[in-house]
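Where a number appears in this text, it was derived from the coordinates with a stated rule and is not lab data. No experiment lies behind these values; they were computed from the predicted model shown. We place every Cβ from the backbone using ideal geometry, glycine too, and count neighbours over all the protein chains shown.
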Amino acid sequence: MDSRRATPAGPVAAAPGPPGRAGAPGPLTGRLLDSRYLVGDLVATGGMAAVYRAQDTRLDRGVAVKVLHGALAEDPDFVHRFHDEAKAAAGISHPHVVAVTDQGVEGGVTERDGSRRGGIVFLVMEFVAGRTLRQVLADRGRLTPRQALEVLGPVAAALAAAHARGIVHRDVKPENILLGDDGRVVVTDFGLARAVTATPRTAAAGLLLGTVAYVAPEQVTTGAADARTDVYAAGCVLYEMLTGRPPYEAATPLAVAYRHVNDRVPAPSATPGVPADLDDLVARCTEPDPGGRPADGFALGRLVRAAGGPAAAPSRESEDATVVLPAGDPDGTRALPRPDTATRALPLDPAARAAALARSPHPGTSVVRPDGSHPTAALALGGKAPHRRRRWIIGLVVLVLALGAAGGGWWGLVGRFTRAPSLAGLAPAQAQTALTRDHLGFAEDAPTYSETVQAGLVAAQTPGAGAHLTRGRVVHVRLSQGPERYAVPHVVGLSQDAARAKLDAAHLVVGTVTQQYSDSVSGGTVLAQNPPPDLPVKPGTSVTLTVSQGPAPVTVQDQTGRPYDAAAALLTGLGLKVTRGDAFSDTVPSGTVISQSPASGTLTRNSTVTLTVSKGPQVTTVPDVTGLALTDARTKLVNAGFPEPTVRSLPGGPKKVLGQSPSGNTQVPTANLPTVILYVF
């Protein structure tokens with residue numbers, strides 16, 4: 001099977017899918033799902049699902065089966081939302097929307113609440129033979145202006161059909177636009193983006209970044225999406241069809257998203273061959289302010305037709321028009337000729353009026369008075385009472401003209417007007433019924449927050465209740481989203497500036513900021529917050545922050561002259577670290593602090609203070625020279641640093657030292673070595 005020529009209803013994204021290649025057997029090939037759908041070859045893979053060609057064995061027809069990837073199928077919340085969105089999409093019956101015919105779960109685990117998790121979660125859709133717009137652009141580079149409008153017209157019609165049912169696509173892109181071999185342009189994957197983004201445990205951010213080339217500014221800044229979001233994406237697709245490239249290109253998806261928020265889509269006429277008269281269509285569709293864009297697919301279709309596009313997108317004014325079927329269809333409904341019942345002004349000349357009445361296509365029509373009686377029948381032109389007949393004719397004409405004038409005056413002054421009913425607090429269906437009863441149209445604009453109206457009910461309407469309106473006027477309503485609340489973000493551990501930025505992004509403000517010393521948290525870091533994280537609060541709520549000042553300061557006192565043990569104990573008690581150094585001192589007793597560094601001032605806790613402790617005076621041991629010859633004794637003392645010894649000799653001896661003073665091995669102050677006296681015999 002040629003995967004380029006047979007593309008099912010589903011996007012072909014760049015994200016990796018399950019094993020297998022397009023046009024080849026996949027992991028599910030040959031399996032019978034729901035005892036009905038025989039799975040064939042894998043034809044496409046995407047970020048959310050894999051698509052197989054399959055055979056509906058019950059109806060004996062070819063279909064496409066979209067199977068969710070395992071990570072999404074394991075999320076019961078997503079599976080539930082996926083089914084709800086699929087049901088809504090299945091309700092769109094339109095030639096330019098891929099039909100969803102079935103859904104199911106094969107296998108998996110049933111939770112206590114009845115939800116399913118795991119297994120094979122799948123959708124069944126019609127199989128569209130053809131290619132995606134992405135594949136066509138990849139082959140051709142870009143389309144001619146006429147071709148681009150011929151694609152955009154059916155896309156607008158598909159979006160109009162969805163918007164009329166309150167469904168927003170949220171992911172309009174070339175991968176979701178299919179060009180059938182039969183010439184049909186269809187849009188697929190309605191509601192699937194909503195199912196993904198509505199589930200916190202799924203990769204909503206990845207979905208956004210995966211289609212960031214077409215994302216509207218409000219989707220980036222607030223996550224909001226309505227019909228105008230689809231119009232913006234369609235405008236980006238039009239730009240790409242005309243120029244061969246998306247509006248913005250950058251190194252990262254986040255950079256592209258930033259440009260959607262801060263820049264305007266360039267004029268496509270900057271590309272050679274694109275006429276300048278399409279610049280306005282692209283600019284209006286991609287207006288950064290949603291209020292400046294076409295309101296929905298209907299409005300987009302009107303702009304496409306005004307730009308010379310095909311009349312594929314029906315307008316609200318023409319959607320009830322009679323369609324004349326070909327004459328060759330014997331069973332087709334035919335438009336019957338409308339009888340000529342319009343009021344005509346008769347000539348003033350009596351003969352001319354009579355001739356006009358004679359030409360009337362309805363000569364047998366009689367006049368019935370308001371009381372139900374019939375007036376005397378008018379005589380034939382050749383009768384006996386021409387004057388009486390003429391008076392009746394003139395009277396009848398005057399009556400018709402009077403009734404026409406009265407009716408026209410009533411219609412012009414009263415009948416064509418009505419008053420807008422109060423729709424506040426009504427469900428959409430109830431509001432639409434009330435407007436229809438008063439001959440008014442219904443349109444749903446972007447939802448709004450309300451502190452008083454329950455979510456899903458009408459919170460505002462334009463024009464307001466009681467407004468004097470012409471019949472057929474459209475009243476726009478905005479449904480309530482419930483109270484506007486934002487979850488308090490977790491800012492503990494952030495710097496004060498980062499916490500402020502995160503609170504601003506959550507529509508909250510920084511309240512009172514208190515400072516507190518901390519031995520474990522660096523200065524400038526948030527220690528605590530109030531309200532706590534994840535608590536839903538009103539926009540503009542103040543969040544109180546407690547910010548660390550770092551360790552508390554410590555005042556250092558000089559411990560010089562104090563015993564080391566006492567000095568060290570005092571400094572340690574202040575939260576400081578103490579290191580010791582020893583030195584000789586002739587003046588400071590041993591064990592006493594000689595000096596301190598730093599000597600005084602203010603330090604932070606855990607700072608280090610160095611104490612230098614006295615070892616007492618430095619001493620030198622007097623050499624023992626007893627028994628040595630005088631010469632040797634003198635040399636030994638001098639080499640030890642002592643002064644030249646004093647010798648006291650007795651005559652007659654061998655000149656050896658018999659004694660010394662101070663005695664040998666005596667310790668004496670090094671700074672003041674004494675002169676040793678030697679007694680020699």
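Observations on the structure shown:
- The stretch between T462 and T222 holds 84.0 nm of extra length on full extension. This uses 0.36 nm per residue minus the Cα-Cα distance.
- Sorted fewest first by neighbouring Cβ atoms within 10 angstrom, T222, T418 come out as T222, T418.
- Taking amide H positions as modeled 1.01 Å from N, with prolines and chain starts lacking one, the residues under 5 Å from A528 and 5 or more places away or on another chain are T546.
- For L469, the amide hydrogen comes within under 5 Å of the amide hydrogens of T418, R419, A420, counting only partners 5 or more places away or on other chains and with H modelled in the peptide plane.
- When S595, S542 are arranged by Cβ crowding within 10 Å, least crowded first, meaning fewest neighbours, the order is S542, S595.
- Gyration tensor verdict on the range 420-479 (Cα atoms; rounded if a/c is under 1.5, prolate if a/b is larger than b/c, oblate otherwise): prolate
- Compared with the alpha-carbon gap, the fully stretched path from S663 to K502 is longer by 49.5 nm at 0.36 nm per residue.
- S93/R58 FRET efficiency (R0 22 Å; Cβ-Cβ; nearest 0.05): 0.55
- Distance between modelled label sites at L32 and N639, nm, 7 Å Cα→Cβ extension: 11.3 nm
- Square roots of five times the Cα gyration tensor eigenvalues for the range 486-548, Å: 20, 10, 9
- Three principal axis extents of the range 553-614 based on alpha-carbon atoms, in descending order, are 36, 17, 14 Å.
- If you plug the beta carbon distance of E249 and D438 into 1/(1 + (r/R0)^6) with R0 = 56 Å, you get a FRET efficiency near 0.65.
- Neighbour-count ranking [beta-carbon atoms within 10 angstrom, fewest first] of F82, F417: F417, F82
- Take the Cα of Y517, step 7 Å toward its Cβ, do the same at R648, and the gap between the two points is 6.9 nm.
- Full-stretch length increase - Q430, R165 - with 0.36 nm per residue and alpha-carbon distance subtracted: 94.0 nm
- Reduced Cα scattering model of the range 32-306, Debye log10 I(q)/I(0), q = 0.09 Å⁻¹: -0.42
- Point-to-point label distance, I677-D558, nm (Cα→Cβ direction, 7 Å offset): 4.5 nm
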